[in-house]
Structures are given as C-alpha cells and as structure tokens.
Amino acid sequence: MSLLEIERLTVSFHRRAGLLRRVNVDCVRDISLAVARGEVLALFGASGAGKSLVAHAVMGLLPANATAGGAMRFDGRLLDPPAQAALRGSRIALIPQSIGHLDPLATVGQQLRWAARRAGHPMTVPGAVEGALSRFDLAPAVAATFPHALSGGMARRVMLAMTTVSGADLVIADEPSNGLDAENTARVFRCLKSFAEAGKAVIVISHDLSAALEIADRVVLLRDGQVAAQERANAFAGDGEALCAAYARAIWNALPQNGFSRGHHEA
Amino acid sequence: MKLEASAIGFGFGRGVPILDGINLAIESGRILGLTGKSGRGKSTLGKILARHLLPTKGRVLIDGAAPASSGFNPVQLIHQTAIFAVNPRWKIGRIVSEANPPDEMLMLALGVRRQWLDRYPHELSGGELQRVALLRSLTPGTRFLIADEITSMLDPIAQSEIWLALLEISARRDIGILAISHDLALLDRVAVQTVTL
C-alpha cells in the first residue's frame with residue numbers, strides 16, 4: 001500500500017485584477033501520484049512546472065494566497081491542515097531547496113537536537129549528535145560549527161542528518177543537488193537512496209534527470225502543472241524505446257548522451 | 001583570433017594558490033570545454049579570462065597582445081544564475097538593449113520572445129532569463145564567450161536548445177566559447193576538446 005497518495009491535486013493562486021475583480025490561476029492541475037515505503041519517486045519538470053508546489057501542498061506550507069484542492073492521504077489517513085501540522089517535522093520531512101533554511105544563529109549540533117525534540121524523541125545519549133553526523137560522512141567537529149562555515153555539500157548533508165533524527169517515514173527532498181558538484185550530488189543521492197532502503201518513502205524533486213535516475217524507481221514528469229508522464233526509471237536506460245509518453249521521449253532525446261535534439265514534441 | 005591564458009596564477013591572500021601556471025587557448029569559432037572538481041578554480045579562471053578578476057601571475061592575451069583596459073569587453077562572461085547578472089529594477093527590453101539594440105535574428109535563434117521585453121527579470125523562468133543574458137552578451141563586438149555552467153539549472157530540453165543555438169552562432173559569427181561544466185556528456189557533445197583542471 002502507498003504511504004502517500006495524492007488524488008487530483010490542484011493548487012490555485014488568487015490574484016487581484018483591478019479594484020474588485022479577483023482571478024484564480026491554477027498552477028497545479030489534477031495531479032495524482034502515490035509513493036510507497038521503500039520507494040524513491042523522482043518528480044521531474046522544467047522550471048515553473050509546479051514541482052515545489054506539490055511538495056508544499058503535501059506539507060501544508062502553501063503561500064497564503066494559494067489553495068489546494070483534491071485529496072491527499074498519508075498512511076491511510078486524510079492529510080488535512082491539522083494532520084499536516086501534526087505530521088510535519090515528525091513523520092513527514094521536507095528538505096528545502098535552499099540551505100538558507102538552516103538557522104544561521106545556532107550550531108549544527110543544536111539544530112539537530114531541536115529537530116529530534118520537535119519530532120518527539122529528544123537526543124539524550126551522549127554522542128548521539130556526532131553519531132547522526134557520522135552517518136553522512138560529517139566529522140564530529142561539525143556539531144560545533146555554525147552554518148556559514150559549511151560548504152554547500154556539507155550543509156545539505158546536515159539537513160539530511162536532521163531528517164534522520166526526526167525519524168520521518170516520508171522524506172521529500174526539493175532540488176537536493178542544486179549547486180553541488182558531481183561528487184557531492186552522488187553522495188547526497190546515495191543518502192536519499194539509503195532512506196528508501198531503510199523503509200522510508202522518498203520523493204526527490206529535481207531537474208537533474210540523470211542524477212535522479214541513478215536512485216529513482218519511478219519518475220513522474222510534470223509539465224505546466226500537470227502530469228505529462230509517469231515512467232519506470234529503467235525505461236530511460238538504453239535506447240529509450242521503453243518510454244511510453246511523447247514528453248518523456250522528447251526529454252530522453254534532448255539529453256547530451258542521447259540525441260541532444262531540440263524539443264520537438266506535441267504541445 | 002585567439003584568447004590566451006599565459007602562465008596564469010591566482011590566490012586569495014597568502015593562502016595556497018588556486019591556479020598556478022595555467023595555459024589555455026580559445027580560438028575563434030571553436031568551443032573549448034573546461035571541467036574539474038569543485039574548488040579547482042574553473043570559475044576563477046573564467047573570471048580572469050573575462051577580466052572580471054586580475055591574475056596574481058601571468059597574463060591574458062588576445063592575439064598575443066594585452067586587451068584594451070577600457071571600452072567594450074570582447075570577452076563576455078555568462079554564469080549559472082542569470083538572475084544575479086541583471087538589474088532587477090529594469091525591464092527585459094532595457095536589459096537587452098544596454099550595449100546595443102538586440103538583433104531580431106539572434107532573438108529568434110535564442111528563443112527570446114517579444115512579450116518578455118515588457119517584463120521584469122523575476123517574471124521570467126531561469127531558462128528564459130538565461131536566454132536573455134545570452135542575447136545581451138552576444139553583441140556585434142563580442143569575440144569570445146565564457147559560459148560558466150550556463151545550463152546546469154535547466155531541464156534537458158532547454159539545455160539542448162540553448163547549446164544548439166550557441167553552436168550555430170559560434171560557427172556563423174566566428175565566436176570562441178569556453179564551456180565550463182561538470183557534465184562530461186554535454187562537453188562531449190559541444191566542445192571540440194576538453195581540458196580538465
């Protein structure tokens with residue numbers, strides 16, 4: 001059974017048009033997807049396709065002028081605003097796109113302890129912080145440092161460590177490889193894969209398809225706020241013949257290792 | 001024409017130099033790839049070639065001579081995040097006309113749409129803004145382009161569209177390009193040769 005099920009999710013923004021008229025703009029339309037424990041789902045799309053909005057809708061963190069329609073279920077339970085508030089940071093964790101979400105005024109160790117306490121299992125054993133860091137190749141000394149002294153790759157791994165101490169069942173990583181080199185990208189993605197291997201459900205939002213395919217089981221391709229295709233990750237291997245949707249084939253063809261062709265696909 | 005880095009060295013303060021004794025030549029109408037791990041100085045070398053930074057050792061030469069220190073810079077630098085390279089309070093139309101009025105053919109080739117000209121930078125997507133940055137930099141006086149991870153934040157379709165346009169422009173206008181990237185598959189596709197730092 002799926003841990004998270006999203007059914008016909010729509011996210012609309014309300015905007016004022018003139019003095020009295022208000023307009024609704026649907027940025028996400030009719031998105032249905034599901035992710036099970038032990039599975040890595042990659043959410044892929046061009047910028048503006050609505051990838052992050054889906055994540056924020058799941059977390060209940062949409063901006064004030066946006067509303068979500070449709071239904072979401074987590075572990076069989078309806079994911080409404082009170083449920084989201086209760087599960088956020090404990091059973092559902094979001095690794096945000098920007099490493100600027102780390103608190104600049106607290107040490108890494110302090111932030112790890114806060115994350116654990118918020119999730120309801122505070123770290124009491126000495127060395128627990130260092131242990132959590134070491135799982136992501138971070139030295140014990142990192143616990144005493146402030147975020148500004150971390151490199152981009154280290155800061156990402158600190159956020160991954162915060163996710164593990166929270167013990168979340170569903171991990172959503174929004175563009176985890178932004179600004180990282182190939183080596184650090186591979187490292188962060190391996191950490192995400194290990195979450196799935198430990199029985200969590202993982203959603204990776206990425207525009208870096210090649211990196212995401214390394215760990216994903218399935219890929220959902222978003223385009224203009226809608227699901228353009230759902231493919232098995234291994235369908236992108238080889239000659240791409242196994243890909244069903246036209247948009248998926250256009251993406252495959254545009255990859256430099258394949259055709260590197262312009263995106264000629266039906267609109 | 002040839003843009004050369006001759007025995008370039010660079011370091012911050014008294015620390016270990018980032019670059020030491022680097023020689024590199026970019027020829028007109030050709031695309032040279034530059035790759036290497038983070039922190040090896042790829043972007044620093046790009047900035048030095050475009051004279052956004054002065055090297056602590058060595059020289060940058062155009063056809064064997066030191067480039068003019070004033071006037072239009074024939075070596076234009078484009079980097080990963082276009083949003084930081086444009087004035088947020090200017091509309092796109094003003095941004096692309098800063099050096100020269102934009103060429104219609106070039107607009108078409110890069111896929112810059114007319115309706116964007118009346119918008120502000122934050123009203124365009126990353127891929128759209130990168131096309132705008134390229135349009136601005138490819139003025140008639142531009143001889144070389146330093147393309148520092150210009151498509152790494154874009155989807156594969158936007159990436160291939162931009163690079164296919166650049167390949168064509170480079171050949172037609174005899175512009176030399178240094179393509180800095182971590183993506184070896186991309187460099188294989190666009191560059192005649194790739195240097196690892």
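The values are calculated or read from the model by the stated rules, or taken from the named source; none is laboratory data. All values reported here derive from a predicted model rather than from experimental measurement. When we count neighbours, we look across all protein chains shown, and the Cβ atoms used for this are built from the backbone with ideal geometry, even at glycine. Ligands, DNA and RNA are stripped out before the accessible areas are found, and what is left, the full protein with its side chains, is counted by its heavy atoms. Shrake-Rupley method; radii C 1.70, N 1.55, O 1.52, S 1.80 Å.
Descriptive notes on the structure:
- Spin-label model distance (nm) - B:Asn23 vs B:Leu53, 7 Å beyond Cα toward Cβ: 2.2 nm
- Label point 7 Å beyond Cα of A:Glu183 along Cβ direction - residues of region A:105-145 with amide nitrogen under 17 Å: A:136-139
- Paramagnetic label zone (point 7 Å from Cα along Cα-to-C-beta, A:Arg8; backbone N under 12 Å) in region A:26-58: A:30-32
- In region B:17-79, the ratio of gyration radius to Kirkwood radius, Rg to Rh, stands at 0.93 when only Cα atoms are counted.
- Between helix A:182-197 and chain A: long-axis angle, C-alpha atoms, 0 to 90°, nearest 10: 90 degrees
- For chain A, the relative contact order is 24 percent, taking Cα pairs closer than 8 Å that sit 6 or more residues apart in sequence and dividing their mean separation by the residue count.
- A:Arg73-A:Gln226 FRET efficiency (beta carbon distance; Förster radius 25 Å; 0.05 resolution): 0.75
- Computed from Cα atoms, the angle from the helix A:108-118 axis to the main principal axis of chain A rounds to 70 degrees.
- Accessible-area composition of the protein assembly as shown, carbon plus sulfur, in percent [1.4 Å probe]: 52 percent
- Region A:1-76-region A:180-213 distance, computed between alpha-carbon centres (Å): 22 Å
- Buried surface between chains A and B: roughly 1700 Å² of accessible area, summed over both sides, computed with a 1.4 Å probe on protein heavy atoms only.
- Angle between chain A longest axis and helix A:152-166 axis [Cα atoms, degrees, rounded to 10]: 80 degrees
- Test item: B:179-190 mean partner chain Cβ contacts at 10 Å: 3
- The count of lysine pairs in region B:2-196 with alpha-carbon distances below 21 Å, taking only pairs 8 or more places apart or on different chains, stands at 6.
- Taking region B:19-43 and a reference point 7 angstrom along Cα→Cβ of B:Asp174, the backbone N atoms nearer than 12 Å belong to B:28-30.
- Within region B:2-196: Cβ-based charge dipole about Cα centre, in debye rounded to nearest 20 (Lys, Arg +1; Asp, Glu -1): 520 debye
- Once the chain from A:Lys193 to A:Ser90 is taken as fully extended at 0.36 nm per residue, the excess over their C-alpha distance is 35.1 nm.
- Amide hydrogen proximity for B:Gly36: with H placed 1.01 Å from N in the peptide plane, the residues at 5 or more positions away or on another chain lying under 5 Å are B:Leu197.
- Between the listed residues B:Ala50, A:Leu3, A:Ala119, the Cα displaced farthest toward the positive end of the dipole of the protein assembly as shown, a dipole computed from Cβ unit charges relative to the Cα centre, is found at A:Ala119.
- A straight line joining the Cα centroids of region A:234-262 and region B:146-189 runs 19 Å.
- Relative contact order, percent, region B:2-196 [alpha-carbon distance under 8 Å, six or more residues apart]: 31 percent
- Backbone phi angles across region B:152-163, fed through the Karplus curve with coefficients 6.51, -1.76 and 1.60 (θ = phi - 60°), yield HN-Hα couplings of 6, 9, 10, 6, x, 5, 4, 4, 5, 4, 5, 6 Hz in residue order; Gly and Pro are listed as x.
- Global geometry of chain A, whether rounded, prolate or oblate, following the gyration tensor of its Cα atoms and the 1.5 cut on a/c: oblate
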